[in-house]
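A.B. asks: So that we are looking at the same thing, I have put the structure below in structure tokens.
Coordinate-derived values only; no laboratory data. The shown structure was predicted, so the numbers you read here are calculated from the model rather than taken from an experiment. Neighbour counts are summed over all protein chains in view; Cβ atoms, including those assigned to glycine, are modelled from backbone coordinates with ideal geometry.
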Amino acid sequence: MCRPKILDKIQEEYGFKVFQDGPYDLNIIGVRNLENHSNQYDDKLHVCYLGEDGEWKEHIFQVSTDAGRYWLTKQDYKDCAVYKHPQQARGAYKVGLHRGKYEALIQCQPVEFWRDGNKDDRADYGGEVYKSIIGLNIHRSSIYDSTEVDRYSAGCIVFSKMEEWNQFMNLVHKQKDVRGYHTFTFTLIAE
């Protein structure tokens, strides 16, 4: 397979680093759908890497990069975090337990985000930029899959399908085992 086009895009349009130091040096890239369909898994997560054969590999997963309707509209909840795009959060993630329950990529370094407090059902992109460690993790929804984001995200990157989540975590563990790298970079752009 030729080098995935998404890698050229993040490098040429945004000046972001492409990781290609050998097998399983993962490029984890979220692509936010700016049409912003409320409460839907309408974004993509690309994982691109060189395989053991030296050829490029690419997996594309269905995710949400926006908080679900439940948290966006909850009157007594603080303003939701909205992951800022474009952004490359270098080494910002490591394997850990999401909310103490199951293995996921958890935030270990500050990332940039906006706050959305107008309590409508759509994430707002823009405003004051914050940078902190607030638990903007990369995790799954239900073990039975999910068709709506709802309570599964208050700002995290969330997978809708368990099978895709398992594939993703297998790649994460391959990077740890083969490369010995224990932190992960997440890049977010918008289309």
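A.B. asks: Quickly estimate the mean residue ellipticity at 222 nm for the chain, helices only: each DSSP H run with n ≥ 4 gives -39500 (n - 2.57), and the total goes over all residues, rounded to 500. The partial results should precede the final answer.
C.D. replies: Working: 3 runs with 28 residues, N = 191.
Taking each H run of at least 4 residues, the total per residue is -4000 deg cm²/dmol.
A.B. asks: Given a Förster distance of 25 angstrom, what is the FRET efficiency for ARG151 paired with THR183, based on the Cβ-Cβ distance and rounded to 0.05? Walk me through the intermediate numbers first.
C.D. replies: Details: r = 28 Å, r/R0 = 1.13.
My answer for the efficiency is 0.35.
A.B. asks: For segment 64-127, give the magnitude of the charge dipole about the Cα centre (Cβ charges: +1 Lys/Arg, -1 Asp/Glu; no others), in debye to the nearest 20.
C.D. replies: The calculation lands at about 220 debye.
A.B. asks: So for segment 112-191, if I pair up every lysine 8 or more residues apart or on another chain, how many of those pairs have alpha-carbons under 28 Å apart?
C.D. replies: Taking the Cα cut-off of 28 Å, the pair count is 5.
A.B. asks: In bins 5 Å wide, starting from 0, what share of all Cα pairs of the chain does each bin hold, as a percent?
C.D. replies: 1, 8, 17, 21, 22, 16, 9, 4, 1, 0, 0
A.B. asks: Moving on to the next point. Quick one: divide the alpha-carbon radius of gyration of segment 56-102 by 2.2 N^0.38 Å and tell me what you get.
C.D. replies: Values: Rg = 14.6 Å, N = 47, 2.2 N^0.38 = 9.5 Å.
Here the answer is 1.54, to two decimals.
A.B. asks: Now for a separate question. Please name which of TYR181, GLN88, GLY51 has its Cα lying farthest along the dipole of the chain towards the positive end, using unit charges on Cβ (Lys, Arg +1; Asp, Glu -1) and the Cα centre as origin.
C.D. replies: The listed residue farthest towards the positive side: TYR181.
A.B. asks: Relative to the first principal axis of the alpha-carbon coordinates of the chain, what is the inclination of helix 5-14, with its axis defined by its Cα atoms, in degrees from 0 to 90 and to the nearest 10?
C.D. replies: It is inclined by approximately 70 degrees.
A.B. asks: For segment 83-162, would you read off the P(r) tail past 18 Å as a percentage of all alpha carbon pairs?
C.D. replies: 45 percent
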